[in-house]
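In what follows, a single structure is set out as structure tokens and then discussed.
The values are calculated or read from the model by the stated rules, or taken from the named source; none is laboratory data. Quick caveat: nothing in here was measured; it's all calculated off a predicted structure. Cβ coordinates were reconstructed from backbone atoms using ideal geometry, including for glycine residues, and neighbour counts include every protein chain displayed.
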């Protein structure tokens, strides 16, 4: 193959043949690869066998990313295009965060901060993330110190409730790190923080920490195409959280929100599978929980709330390729009611996906422009948004091209 010392015969391979070779080398089934790019296993087979035309550039980039290839040429054998074009660039603070995750915790002359101090810093970090349009910059600046101090505290020889509290804090710091790492070219780092986080959470025995880290682990499994693993994590964690719910109060509100968030994630995975009944059933169950929470409640990590359930309805419809329903849900939801810049921007991107399914291109692009105005760092690292922009760059409509070109330069797809 190209780039691997391949022969002229290898260079002459069709895109379909190259796709099959790359997929087989990765040990992926057609269904798994199709799920990663929003298509069916039969669609992948049709591409591999040449029964349908070669996909357009945005889909080729998604396939290349899903196959964890480094360059588009590995799939096409044509002009080199680094996969970072679709996957997004690495944030400037990524090396420092990686170093903080990788470092050994060594004895120092400085004592570890108390648990209460770290808990307060975490609350401030989550609040800052929701408030900032450049949320990765804000979180990336805070993470090295939080990781160092939380790991130092958890390594101290303490027992009883203090030990459990320190591990719960460490688990939540890893959760914050997973938010920062997601959708960057650092898959190894994402899995490291996800696995360390859920391990610390279960060691702590803290239901809140377990719920948060399982919610994130389920997403990691689903985004990697392992839907069965995603279901195991979310359903088992949901059952555990449900067993902890008692008679109400602020602590129970948070556990109820985590329970609802986990139920929705199970529905999200069902939507990826194309299971219409299960997807909407889990959405209904999660929404019923949201409606029982106090008015205005917003979970600081998962964003679970009544407002976000409206956003989730758009996502379910889009994943099921129900464009009309997605547009209907988009029109009845109020993005302004989501008190988080990155989550609000994500909702605008999901609305853009719905409008795109209905070929309402102007509305789709307006939604992307609004997402960029809301939180530029959300759209810069969102593959769906980048795909829509790339598609509009390739159309014959000059006005659409020009509009896409401006946004492409803003998000870093094109040089200024």
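Odds and ends about this structure:
- Verdict on residue 290 being touching a residue at least 12 places away in the same chain (Cβ under 8 Å), buried (at least 16 other Cβ atoms within 10 Å of the Cβ) and under 21 Å from the mean Cα position of the chain (by Cα): no
- Scanning region 364-416 for residues that are over 22 Å from the mean Cα position of the chain (by Cα), buried (at least 18 other Cβ atoms within 10 Å of the Cβ) and in contact (Cβ under 8 Å) with a residue 24 or more places away in the chain yields 392, 403, 404.
- Among the conditions (1) farther than 18 Å from residue 98 by Cβ; (2) crowded, with 21+ Cβ neighbours inside 10 Å; (3) modelled with pLDDT under 95, the only one that residue 151 does not satisfy is (1).
- Filtered residue count, region 293-322, keeping only those that are touching a residue at least 24 places away in the same chain (Cβ under 8 Å), at positive phi and surrounded by fewer than 20 Cβ atoms within 10 Å (Cβ to Cβ): 1
- Residue satisfying condition, being under 21 Å from residue 268 (Cα atoms) and either surrounded by fewer than 17 Cβ atoms within 10 Å (Cβ to Cβ) or touching a residue at least 40 places away in the same chain (Cβ under 8 Å) (or both), within set 27, 50, 38: 38
- Of all residues in region 125-155, those being touching a helix residue (DSSP H, G or I) at 6+ places or on another chain (Cβ under 8 Å) and within 27 Å of residue 372 (Cβ to Cβ) number 17.
- Here the condition is being touching a helix residue (DSSP H, G or I) at 6+ places or on another chain (Cβ under 7 Å) and more than 28 Å from residue 163 (Cβ to Cβ); of 214, 194, 237, 182, it holds for 182 alone.
- Applying the criterion of being in contact (Cβ under 8 Å) with a residue 12 or more places away in the chain and not in a helix (DSSP H, G or I) to the residues of region 335-363, the residue that is surrounded by the fewest Cβ atoms within 10 Å (Cβ to Cβ) is 358.
- Residue 202 vs. criteria at pLDDT 95 or above and over 21 Å from residue 99 (Cα atoms): yes
- Search result, residues across region 211-235 that are surrounded by fewer than 18 Cβ atoms within 10 Å (Cβ to Cβ), under 19 Å from residue 33 (Cα atoms) and either touching a strand residue (DSSP E or B) at 6+ places or on another chain (Cβ under 6 Å) or modelled with pLDDT of 95 or more (or both): none
- All conditions in (1) modelled with pLDDT of 90 or more; (2) in a helix (DSSP H, G or I) hold for residue 22, with the sole exception of (1).
- Qualifying residue in region 239-256 (condition: under 16 Å from residue 195 (Cβ atoms) and either in a loop (DSSP other than H, G, I, E, B) or at pLDDT 90 or above (or both)): no
- Matching residues in region 58-101 - criterion: being at pLDDT below 75 and buried (at least 18 other Cβ atoms within 10 Å of the Cβ): 58, 83, 85, 86, 87, 88
- In summary, helices (runs of 4 or more DSSP H) completely within region 88-197 and bearing 3 or more residues that are free of Cβ contacts under 8 Å to residues at least 40 places away in the same chain occur at 115-131, 135-155, 160-181.
- When we screen 157, 119 for residues that are modelled with pLDDT of 95 or more and more than 21 Å from the chain's Cα centre (by Cα), the only hit is 119.
- Qualifying residue in region 225-232 (condition: assigned to a helix (DSSP H, G or I) and within 15 Å of residue 312 (Cα to Cα)): no
- Within region 392-410, the residues that satisfy the criterion of being in contact with a helix residue (DSSP H, G or I) (Cβ under 8 Å, 6 or more places away or on another chain), part of a helix (DSSP H, G or I) and more than 13 Å from residue 362 (Cα to Cα) are 393, 405, 407, 408, 410.
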